[in-house]
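*Asks:* This structure is in structure tokens; I'll ask about it shortly.
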Amino acid sequence: MTGDGGPRRTEYTLEGFAVPEQLDAVHTLLAQAAGDHPWLDPTDVMLFETAIIEIANNVVEYGRPEGEVRWKFTIRVHEEEIEAELEDTGQTFTPEHGREMPGEDAEGGRGLALAEAVLDQIEFQRFEDTNHWRMVRRLGGLARG
């Protein structure tokens, strides 16, 4: 509840094309959610943002057909966790969960490993013609594996 007795918004959604310019909109969406919930620990928000931006950037960078992939990004704030769902119309994809962080000289491959390191839960499934990501960070401390 808000101070005026009205309900507090807990869900934030962004829809459009998965293009580089939309990454700023994802940052803005999370900033809005955090601003509406000032009790959220800034460290939790920062780590959650790092993870969801890594996954979003992968969709932008690798989603095909390039520039035509549509996505829907939803962020939900709960009492004990922050959750994001990302649905995209890109090609079929099979994430390599549990990969070790690449070495310092590697040019890529850190996104999913980094997201897994700071999230408590990350799920992926392909349903019909859509990739579905669900990312969760429990509030109040470091991600627990």
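*Asks:* Under 9 Å by Cβ, and 6 or more places apart or on different chains, what pairs join a residue from the range 62-87 that is free of Cβ contacts under 8 Å to residues at least 40 places away in the same chain and outside any strand (DSSP E or B) with one that is open to solvent by 60 Å² or more (accessible area, probe 1.4 Å) and not polar (S, T, N, Q)?
*Replies:* Pairs that qualify, where the first residue is free of Cβ contacts under 8 Å to residues at least 40 places away in the same chain and outside any strand (DSSP E or B) and the partner is open to solvent by 60 Å² or more (accessible area, probe 1.4 Å) and not polar (S, T, N, Q), are 62/93.
*Asks:* If residue 15 satisfies every condition in (1) loosely packed, with under 15 Cβ neighbours inside 10 Å; (2) in a helix (DSSP H, G or I) but one, which is the exception?
*Replies:* Checking residue 15 against (1) loosely packed, with under 15 Cβ neighbours inside 10 Å; (2) in a helix (DSSP H, G or I), the one that fails is (2).
*Asks:* Modelled with pLDDT under 95 and over 18 Å from residue 120 (Cα atoms), is that true of residue 16?
*Replies:* Criteria not met by residue 16.
*Asks:* State which residue is least open to solvent (accessible area, probe 1.4 Å) when the search covers only the range 18-32 and only residues that are free of Cβ contacts under 8 Å to residues at least 60 places away in the same chain and small (Gly, Ala, Ser).
*Replies:* Going residue by residue through the range 18-32, those that are free of Cβ contacts under 8 Å to residues at least 60 places away in the same chain are 19-32.
Still in the running and small (Gly, Ala, Ser): 25, 31.
Working: 25: 27, 31: 62 Å².
Among those residues, the one meeting the criterion is 25.
*Asks:* A further question on this structure: Can you find, within the range 85-105, the residue that is farthest from the chain's Cα centre (by Cα) among those that are surrounded by 12 or more Cβ atoms within 10 Å (Cβ to Cβ) and at pLDDT 80 or above?
*Replies:* 91
*Asks:* How many residues does the range 33-61 contain that are surrounded by 14 or more Cβ atoms within 10 Å (Cβ to Cβ) and either assigned to a helix (DSSP H, G or I) or aliphatic (A, V, I, L, M) (or both)?
*Replies:* 20
The values are calculated or read from the model by the stated rules, or taken from the named source; none is laboratory data. Note that this is a predicted model, so its numbers are computed, not measured. Methodologically, a virtual Cβ is constructed for each residue, glycine included, from the backbone with ideal geometry; neighbour enumeration extends over all protein chains shown. What goes into the accessible areas is simple: the full protein's heavy atoms, side chains included, and nothing from ligands, DNA or RNA. Shrake-Rupley method; radii C 1.70, N 1.55, O 1.52, S 1.80 Å.
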